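What follows is a short report on a single structure.
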């Protein structure tokens, strides 16, 4: 009995054990099925990620052209040399051999050796870039004697026009640490070593259009991360090309004409608003920022009192001086505060309370009407009508004419200037507006500020009676942008005609302030306005002793010279504005430049002799007989 009971108990324990074993085997089988079938794809992908690296390929940047298709920013081959430490037994000796073939400064060699010691042995370290074709070929020809040296070819930005269009086009540079931080990882392309983005000009403001989309390279790597092979490559999408409205030859002439000056010039096409020229002098070579600028060169640019890095056309803010008088005249005419036939007496000064406001002409202009006040630029006339109409009406008219607001151009640091009114002064200075402030504003001084492009827009709107707005981009990816239509200005045509008539007198009347800069060709006559804005206060003592001439003052204390114009008078096609910093008088420094720019815009590179005043024709003919000065070679690619 006992043996049978023991056998039964053993059988039950065996069955339990077998059941447990069976259950365990079932669980293991289910887990194996899960791993081998259900989770197989996930683990395969994890293994693939350990084996395959995905690298971004920088896209070709969109090019920039002028209105005629001439290149302003292009992509060129960038030949660079790198060294891989595991490929050479003696990196220092390899570098020394390489330095006998191409120029590698000692500091560059020291930097390369530091990086070679710090990075893994299989990681390439850049030694030199922007090699010429001859240097590239020389290194390749000596490759057997240069173990570990790799030569790569990529693309880099190049600006064939150099300083001529530097302020408009701008330049690119490497992504900075600050830009990386601000981006916060949203732009994967920024992670590419030495990737370049727009830093100024159109390059900056049209960055997303020009950048394009990255390509992808899938490469096989080993456990240490060393590249074994590339097995798949998808090229990126190049950025869109842009065609600007700028005419390169007109731009070139503007820069040549303002040579040695600190100045700005704008030329607007009145039909389309196209910016035909946007020149700021002096310029700078944008290629140095791409290839590497030395600290000495950078300091020289920063310390230059002519401010070559500043785009004065859109960011330079100047008192408009007498070029503002058209604004005041229109405000008074529209408000009914001025009869066009009314004559105001000017004896050289205007009294307000116990203060005197002076005219630029010490002895005065006598009795002048609206036409004469503009033609001869009488300050006393505008003190009087500014007092009558008030600053609010003047400010309103100024804004209608495009002042006090930044033009919509794809450029950085486009300033809005300043058109003051009573509310502005309370906000900015915590003081009430004074009548004296109105008188100063009446001649474009005091708080009033404008940029050269704003002055060109103001002139364009007066010339056409329409809300002309400047544009800088003519086509994108080969497709022309639609031509704009400008709404009416909302100012009386009769009043505009009166002001235009006064501007015609500035250039064509016997006593006009810019008569020497007129266009003599019949049917192509020009209308304009001179301006001279003070940058210093003239004391009563100085006036009593005699105002010091600009020529006798240090450069930085001389008046700014301004001139605005449009032509032809009867059928306006172009508007021009010129500001010469500390140039002295607008009639002597700015008007001749503006007239010559207008002649180029109207007639092309060789205006007819008959377009010049008789007194100038002989000089022009003699200049044309001289052999042309050699044109500077376009900048070459320098090495950083």
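Each value in this text was obtained by applying a stated rule to the coordinates, not by laboratory testing. The model shown is predicted, which means the values in this text are computed figures rather than measured ones. A quick note on method: Cβ atoms are made from the backbone with ideal geometry, for glycine too, and the neighbour counts reach across all protein chains shown.
Side notes on the structure shown:
- Under the criterion of Cα pairs below 8 Å and six or more residues apart, the relative contact order for the chain equals 14 percent.
- Here, P(r) means the percent of Cα pairs in each 10 Å bin from 0 to the largest distance; for the chain it is 3, 13, 20, 18, 13, 10, 8, 5, 3, 2, 2, 1, 1, 0, 0, 0.
- Mean projection of the Cα convex hull over all viewing directions, computed for the range 54-244: 12.7 nm².
- Rounded to 10°, Cα long-axis angle of helix 106-118 versus longest principal axis of the chain: 30
- Over the range 54-244, relative contact order from alpha-carbon pairs under 8 Å, at least 6 apart, %: 35
- If R0 is 56 Å, the Cβ-Cβ spacing of residue 70 and residue 354 corresponds to a FRET efficiency of close to 0.40.
- For the chain, the longest principal axis of the Cα atoms and the long axis of helix 452-464 meet at an angle of about 60 degrees.
- Taking every DSSP beta bridge that has both ends in the chain, the antiparallel portion is near 95%.
- Nitroxide proxy distance, nm - points 7 Å out along Cα→Cβ at residue 431 and residue 97: 7.6
- Sequence-separation-based contact order of the range 520-599, relative, with Cα cut under 8 Å and 6+ spacing, percent: 33
- Net length available on complete extension from residue 555 to residue 178 is 131.9 nm, with 0.36 nm assigned per residue and the Cα-Cα distance removed.
- In terms of packing, defined here as the mean over residues of other Cβ atoms within 10 angstrom, the peptides 414-426, 346-358, 469-481 line up highest first as 414-426, 469-481, 346-358.
- Rounded tilt (10° steps) of 2-33 against the dominant C-alpha axis of the chain: 30
- Nearest-0.05 FRET efficiency for residue 303 and residue 138, computed from C-beta distance (R0 41 Å): 0.60
- Note on the range 406-445: semi-axes of the ellipsoid equivalent to its C-alpha gyration tensor, largest first and rounded to whole Å, are 26, 13, 6.
- Potential extension, residue 17-residue 107 segment - 0.36 nm per residue separation minus Cα distance: 24.6 nm
- Global geometry of the range 461-598, whether rounded, prolate or oblate, following the gyration tensor of its Cα atoms and the 1.5 cut on a/c: prolate
- One chain, two ends: residue 548 and residue 413. Fully extended at 0.36 nm per residue, the span grows by 45.1 nm beyond their Cα-Cα distance.
- Share, in percent, of DSSP beta bridges within the range 54-244 that are antiparallel, nearest 5: 95
- Sites residue 152 and residue 620 - FRET efficiency at Förster radius 41 Å, r taken between beta-carbons, to 0.05: 0.15
- Computed from label points 7 Å out along Cα-Cβ, the spacing between residue 487 and residue 90 is 7.8 nm.
- In this simple spin-label approximation, residue 570 and residue 115 carry label points 7 Å from Cα along the Cα→Cβ vector, and these lie 6.7 nm apart.
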